[in-house]
Amino acid sequence: MPAPSPSTALSPSPGRFEIVVRHSRAERISAPLNSGNAIGSLTDGDGAPLVPRFPLEHATKNAKTATAATHRRITGGGFEEKLGTPRKPWRVTLSYGSYLKVDELLDLQQPLSQPRHHDEMLFIIIHQVYELWFKQLLHEVDATMAALDRDDLLRVAKHFRRIHAIQRLLEQQVDILETMTPQEFNQFRDNLNPASGFQSVQFRELEFACGVRRTDLMRRIELGDAQRARLERRSNEPSLYDQVKSLLARRGFAVATSEELVESYRQIYTNESQNYDLYLLLEDLIEFDERFLLWRGRHVRMVERMIGQKIGTGGSPGARYLESTLAHRFFPELWDVRTYLGSGAYA
Ligand code: HEM
């Protein structure tokens, strides 16, 4: 029997889920899900994966694999009958824990301090949570760029609503870290040397995706092959900044130079009713940029509060280096154009 290449459609029904597994031979099996583990890879109605690569092998706890030479219908965690014979509904179970991989997630916090320092757990969790939100931000930025490419500005606005909400959260999370005093941090800081947020690949990906491409920093970060490939891809692809310029060009605005871009922005702002969708887009973009800068500013103040003017574990001059990063803007011309709006003395 050929190995199945499962894909599934998920349709919720009251109190339980119903998944439909499609095999390479176009077999369909309905499976009401209760609790426990699940089978197949879950996809939404459009076929987008909900859980990437949720393998059939994990169908049962007592896991004889469902992809073994003979595939069997599984009922209540046990094997029942070969696929290919007439089948009744196939009962498998999915739980909160198995769907979200909670056990694996909770295994990922591994403090190094000996004896254990109470605050190291917070330090690890907060960084991990940031990385998860960076992942979601990248996901949203990618979708935003695709929507821009399709001239679908309503969808862009929807993505930015979520992006801004996440950015607000990222800034607020610093409050939690600041419940740790410098004395407490110093008691385990040596354990993390030379690790630093400076080495966050997803943070660099975000910067690259949006148009701040400090590619020289790649030489200062130890990167695995896949990480390097991701950053290289990001640095070669059109950025969010590029996508915005392309959209404006399609709408007849000049974007070849920085000066032209400022002038195009000025026209959009001053003729807002003719360009209302672009006008709202520009406000979303400046808010995105501002919130990124607010996080940078919040981080550098927090760093100064924690370690003063000490050098960073990543080897930079610490707060002094971070202060210099406040100059990085994704949409510099959007900041510039403010000077030329309305009345007032221009430089
Ligand atoms: C006690 C808490 C923290 C301290 C003392 C701290 C300190 C520093 C320092 C000194 C740097 C400069 C690079 C270096 O030499 O290490 C840096 C960079 C960075 N940190 Fe933190 N950090 C803290 C928490 C965080 C958290 C929670 C995040 C969230 C992911 C984070 C993300 C970053 C990023 C992304 C950079 C690179 C910034 C850039 O190059 O533009 N840091 N941090």
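Assuming a ≥ b ≥ c are the square roots of the Cα gyration tensor eigenvalues, decide whether the range 133-230 counts as rounded (a/c under 1.5), prolate (otherwise, with a/b larger than b/c) or oblate.
Oblate.
Taking 0.36 nm per residue of separation and subtracting the Cα-Cα distance, what length does fully extending Ala146 through Thr339 add? All intermediate terms of the calculation are to be shown ahead of the outcome.
Working: separation 193, 0.36 × 193 = 69.48 nm, distance 3.09 nm.
Roughly 66.4 nm would be gained on extension.
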Original post:
What order do you get for 192-200, 259-267 when each peptide is scored by the mean count of other beta carbon atoms within 10 Å, highest first?
Top reply: 259-267, 192-200
**OP:** For His328 and His127, compute 0.36 nm times the residue count separating them, minus their Cα-Cα distance, and round to one decimal in nm.
**Re:** 70.1 nm
Original post:
Once fully extended, how much extra length lies between Ala157 and Glu222, figured as 0.36 nm per residue of separation less the alpha-carbon to alpha-carbon distance?
Top reply: 19.8 nm
Subject >> Span from the the range 202-233 Cα centroid across to the the range 295-347 one, whole angstrom >> reply: 20 Å
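With the alpha-carbon atoms as the only input, what is the per residue convex hull volume for the range 120-340 in Å³?
Here the figure is 127 Å³ per residue.
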Original post:
Can you give the FRET efficiency for Asp107 and Arg301, using 1/(1 + (r/R0)^6), R0 = 45 Å, r = Cβ-Cβ distance, to the nearest 0.05?
Top reply: 0.85
**OP:** With a point put 7 Å past each Cα toward its Cβ, work out how far Lys135 is from Arg116 in nm, to one decimal.
**Re:** 2.4 nm
Original post:
Per Stokes-Einstein, at 20 °C and 1.002 mPa s, what whole-number D in µm² s⁻¹ belongs to the range 218-347, with the Kirkwood radius over Cα pairs as the hydrodynamic radius?
Top reply: 123 µm²/s
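Between Gln173 and Asp277, how high is the FRET efficiency from 1/(1 + (r/R0)^6) when r is the Cβ-Cβ distance and R₀ = 51 Å? Nearest 0.05.
Calculated value: 0.95.
No lab work stands behind these numbers, since they all come straight from the coordinates. Keep in mind it's a predicted model, so treat the numbers as computed, not measured. When we count neighbours, we look across all protein chains shown, and the Cβ atoms used for this are built from the backbone with ideal geometry, even at glycine.
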